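Here's the structure, in structure tokens; my notes come after.
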């Protein structure tokens, strides 16, 4: 099939490359000429494990190409995916749908023959209805169907998530469009990926409800971690104990400094705004958002407490800046609030992240950025691990002890055993234990 992907960011590029790897003919369209230029040169605009090789392979075999020309990209397309950004709108927190609607208008002006228009971007309930209205207004005689097909990609594992999905959700009011979507995902038949066909509005809500629920699990275990510290329990054992219950599941029950990234913060906020518009308050999600925002700065105060309560003119080595490992994404990363809290208290921060430096530098201009872990640790008064990159999991703790001015290690991801750290002569502070 011939598929056009509008938007060559995280979702559009990963989806387009994976579809091409399935054997479809893919054109990725983006108005950002510099981004398309880099892609044509084989340079990825994002860091995602395996993506560069996947793109190069499918460009070489002719199944994947990039252009800024939407008219060219739409020629002969069976399906057109809208995968543009939907950031939180400044001022009110609603999802900014201007890019989605602009794409819909251009598509309406250009499509020829029956075409399925697919909203892949995360959008509030009712967006598909408006996309359909916009296209119809732009081209009253057009033959098309509008489908919601939300993405469920985890940054750092996106390719595997796309090729081996838990489910494929197709929200459609048009049987012909549904049939086209089944053909689009036909290559996943052998993987037995379940296809859930729903109404369009239901599909749009599934995405927000899913992310809000996962954010709730994270926030729940973080609050349980606080209780564990007060009563002398171990949150990791609590997580295992409840996670072994199949009704609960073990995923997203790892205590830490709070959630961040491109999805959970903006999607929970957008869900709250939608609930207000429809007078259906989501009190649990409201609490999740409030608790998570508070927690990030609380983790900065936790580091300060571990250093004796006074950090003015002291140096803190921070390992990990991105909101999770295996990505360069700094959006709403807990590290930002942690570092700002330390700096507000007068601390000097040295930091290292394997992939996040380029994105982090504009956000954290007063931080001293280092090229490796031990450069950051050298001469610091404390070490704080904020993101659990693999290369931080087996540090030479004896060497760390000799390089620090004070033997303080604060592990906000619980990647170390406290006994191991203390045996190396370090004073250990973890989460919920």
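A quick yes/no check of all residues on (1) at pLDDT 95 or above; (2) within 22 Å of the chain's Cα centre (by Cα); (3) under 19 Å from residue 259 (Cα atoms):
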{"site": "336", "(1), (2), (3)": "yes, yes, yes"}
{"site": "340", "(1), (2), (3)": "yes, yes, yes"}
{"site": "343", "(1), (2), (3)": "yes, no, no"}
{"site": "351", "(1), (2), (3)": "yes, yes, no"}
{"site": "356", "(1), (2), (3)": "yes, yes, yes"}
{"site": "361", "(1), (2), (3)": "yes, yes, no"}
{"site": "371", "(1), (2), (3)": "yes, no, no"}
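In this structure, is residue 274 closer than 28 Å to residue 94 by Cβ and either assigned by TED's automatic domain parsing to the domain that holds residue 261 or modelled with pLDDT under 95 (or both)? Let's see the steps before the verdict.
Numbers: closer than 28 Å to residue 94 by Cβ: yes; either assigned by TED's automatic domain parsing to the domain that holds residue 261 or modelled with pLDDT under 95 (or both): yes.
Against the criterion (closer than 28 Å to residue 94 by Cβ and either assigned by TED's automatic domain parsing to the domain that holds residue 261 or modelled with pLDDT under 95 (or both)), residue 274 qualifies.
Within region 299-316, which residues are surrounded by fewer than 19 Cβ atoms within 10 Å (Cβ to Cβ) and in contact with a helix residue (DSSP H, G or I) (Cβ under 9 Å, 6 or more places away or on another chain)?
Listed by number, the residues that qualify are 301, 310.
Tell me which residues, restricted to region 178-192, are over 23 Å from residue 144 (Cα atoms) and either in contact (Cβ under 8 Å) with a residue 12 or more places away in the chain or part of a loop (DSSP other than H, G, I, E, B) (or both). Give the steps one after another, and end with the answer.
Going residue by residue through region 178-192, those that are over 23 Å from residue 144 (Cα atoms) are 187-192.
Selection gives 187, 188, 191, 192.
Provide a single number: the residues in region 23-42 that are in a loop (DSSP other than H, G, I, E, B) and under 22 Å from the mean Cα position of the chain (by Cα).
Pass one, region 23-42, residues in a loop (DSSP other than H, G, I, E, B): 23-24, 30-32, 41-42.
Right, trim to under 22 Å from the mean Cα position of the chain (by Cα) and you get 30, 32.
So the count comes out to 2.
When region 234-261 is examined, which residues are found to be in contact (Cβ under 8 Å) with a residue 40 or more places away in the chain and either in a loop (DSSP other than H, G, I, E, B) or not assigned by TED's automatic domain parsing to the domain that holds residue 385 (or both)?
The answer is 234, 254, 255, 256, 257, 258, 259, 260, 261.
Given the condition under 22 Å from residue 47 (Cβ atoms) and either in a strand (DSSP E or B) or at pLDDT 95 or above (or both), answer yes or no: does some residue in region 296-318 qualify? Before you say what the answer is, go through the steps one by one.
Restricting attention to region 296-318, the residues satisfying the condition of being under 22 Å from residue 47 (Cβ atoms) are 318.
Filter again for either in a strand (DSSP E or B) or at pLDDT 95 or above (or both), leaving 318.
Yes, that holds for at least one residue.
Residues in region 206-228: is at least one assigned by TED's automatic domain parsing to the domain that holds residue 280, without any contact (Cβ under 8 Å) to a residue 60 or more places away in the chain and touching a strand residue (DSSP E or B) at 6+ places or on another chain (Cβ under 7 Å)?
Within region 206-228, one or more residues are assigned by TED's automatic domain parsing to the domain that holds residue 280, without any contact (Cβ under 8 Å) to a residue 60 or more places away in the chain and touching a strand residue (DSSP E or B) at 6+ places or on another chain (Cβ under 7 Å).
In this structure, does residue 232 turn out to be out of contact with any helix residue (DSSP H, G or I) (no Cβ under 7 Å at 6 or more places or on another chain) and at positive phi?
Details: out of contact with any helix residue (DSSP H, G or I) (no Cβ under 7 Å at 6 or more places or on another chain): yes; at positive phi: yes.
Judged against the criteria, residue 232 is a match.
Checking the conditions here, which among 106, 130, 155 is assigned to a loop (DSSP other than H, G, I, E, B), within 26 Å of residue 267 (Cβ to Cβ) and either outside the structural domain of residue 74 (by TED's automatic domain parsing) or in contact with a helix residue (DSSP H, G or I) (Cβ under 9 Å, 6 or more places away or on another chain) (or both)? Break it down stepwise before answering.
Values: 106 fails: assigned to a loop (DSSP other than H, G, I, E, B); 130 fails: assigned to a loop (DSSP other than H, G, I, E, B).
Answer to the selection: 155.
Across region 43-63, which residue is nearest to residue 356 (Cα to Cα) among those that are assigned to a helix (DSSP H, G or I) and in contact with a helix residue (DSSP H, G or I) (Cβ under 8 Å, 6 or more places away or on another chain)?
Of all residues in region 43-63, those assigned to a helix (DSSP H, G or I) come to 51-60.
Still in the list and also in contact with a helix residue (DSSP H, G or I) (Cβ under 8 Å, 6 or more places away or on another chain): 51, 54-55, 57-58.
Working: 51: 17, 54: 22, 55: 22, 57: 26, 58: 27 Å.
Of everything passing the filter in region 43-63, 51 is nearest to residue 356 (Cα to Cα).
Over 15 Å from residue 70 (Cα atoms) and either in contact (Cβ under 8 Å) with a residue 60 or more places away in the chain or not in a helix (DSSP H, G or I) (or both): is that true of residue 18 in this structure? So that I can check it myself, show each step before the final result.
Values: over 15 Å from residue 70 (Cα atoms): yes; either in contact (Cβ under 8 Å) with a residue 60 or more places away in the chain or not in a helix (DSSP H, G or I) (or both): yes.
Spelling it out, residue 18 is indeed over 15 Å from residue 70 (Cα atoms) and either in contact (Cβ under 8 Å) with a residue 60 or more places away in the chain or not in a helix (DSSP H, G or I) (or both).
The values are calculated or read from the model by the stated rules, or taken from the named source; none is laboratory data. The structure presented is a predicted model; accordingly, all values stated were derived computationally and were not measured. Note: ideal-geometry Cβ built from the backbone for every residue, glycine included; neighbour counts use all protein chains shown.
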